[in-house]
1. Would you mind stating whether VAL153 is closer than 22 Å to ILE52 by Cα, under 16 Å from the mean Cα position of the chain (by Cα) and not charged (D, E, K, R)?
2. Residue under question is VAL103, and the condition is that it be in contact with a Ser or Thr (Cβ under 8 Å, 6 or more places away or on another chain) and among the β-branched types (Val, Ile, Thr); does it hold?
3. ALA19 - would you say it is out of contact with any Gly (no Cβ under 6 Å at 6 or more places or on another chain) and either at pLDDT 95 or above or assigned to a strand (DSSP E or B) (or both)?
4. Could you list, in sequence order, all residues of segment 140-152 that are closer than 15 Å to GLY38 by Cα and among the aliphatic types (A, V, I, L, M)?
5. So, ASP74, is that one among the acidic types (Asp, Glu), modelled with pLDDT under 95 and more than 17 Å from GLN131 (Cα to Cα) or not?
6. I'd like the full set of residues that are surrounded by fewer than 16 Cβ atoms within 10 Å (Cβ to Cβ), over 15 Å from the mean Cα position of the chain (by Cα) and touching a residue at least 12 places away in the same chain (Cβ under 8 Å), limited to segment 22-76.
7. So, in segment 123-133, how many residues would count as being under 15 Å from the mean Cα position of the chain (by Cα) and not basic (Lys, Arg)?
8. For a quick check of your reading of the model, give me the residue pairs whose first member lies in segment 136-155 and is on the phi < 0 side of the Ramachandran plot and of a type outside the set (Val, Ile, Thr), whose second is outside any strand (DSSP E or B) and surrounded by 12 or more Cβ atoms within 10 Å (Cβ to Cβ), with beta-carbon atoms closer than 6 Å and at least 6 apart or on different chains.
Amino acid sequence: MNKIFNSFLITLVCNIALAQTNSEKTRDDFNKLAWIEGTWTRTNSKADQSGIESWQKVSSQEFRGKGITTKGTDTVFVEKLQLIIKEDNIYYVSDVPENSKPVSFKLTEITESGFVFENLSHDFPKKISYQQNGKLLKATISGDGKSIDYFFVRN
């Protein structure tokens, strides 16, 4: 009986240590996203349109963002965005008028200057990637052989 209890106790301690290690990695990865904060102006909009994407850190577990496209003085598209820690994972959440509810994409790759989120069950996009190079940002949405690039410069 004592051996069973000791085995259980060792397993419990190992699982707690692993969970703490995973949580620390998630927090470290989330902190790598800090460079996204601020306002980015789109540089490859259609001739009669302009766009911005802005991000603000609202807590140690969430960034909120907004993508806005305008045509003249009219707003033609608004996307509400989030980068959030949930259930020890990091998600990119997009809320657009075309979808009945927000769509979550799970972090699959991260570096100091870029990240990739994926949701293979979503129709389009299935993958969202951001890559920063100084004051320049390239965001790409892709899936099923289709890819769209968005280029931005930091304000």
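The values are calculated or read from the model by the stated rules, or taken from the named source; none is laboratory data. For clarity, every value in this text was computed on a predicted model and none was experimentally measured. Backbone-built Cβ (ideal geometry, glycine too); neighbour counts: all protein chains shown.
1. Values: closer than 22 Å to ILE52 by Cα: yes; under 16 Å from the mean Cα position of the chain (by Cα): no; not charged (D, E, K, R): yes.
Considered against the rule, which asks whether it is closer than 22 Å to ILE52 by Cα, under 16 Å from the mean Cα position of the chain (by Cα) and not charged (D, E, K, R), VAL153 comes out as no.
2. On the way: in contact with a Ser or Thr (Cβ under 8 Å, 6 or more places away or on another chain): yes; among the β-branched types (Val, Ile, Thr): yes.
Criteria met by VAL103.
3. On the way: out of contact with any Gly (no Cβ under 6 Å at 6 or more places or on another chain): yes; either at pLDDT 95 or above or assigned to a strand (DSSP E or B) (or both): no.
So ALA19 does not fit the description; no.
4. Answer for segment 140-152, where residues must be closer than 15 Å to GLY38 by Cα and among the aliphatic types (A, V, I, L, M): there is none.
5. Judged against the criteria, ASP74 is not a match.
6. ASN22, SER23, THR39, THR43, ASN44, ASP48, GLN49, SER50, ILE68, LYS71, GLY72, VAL76
7. Pass one, segment 123-133, residues under 15 Å from the mean Cα position of the chain (by Cα): 125-132.
Okay, now just the ones that are also not basic (Lys, Arg), so 125, 128-132.
Residues that pass the stated criteria total 6.
8. SER142/PRO125; PHE151/THR43
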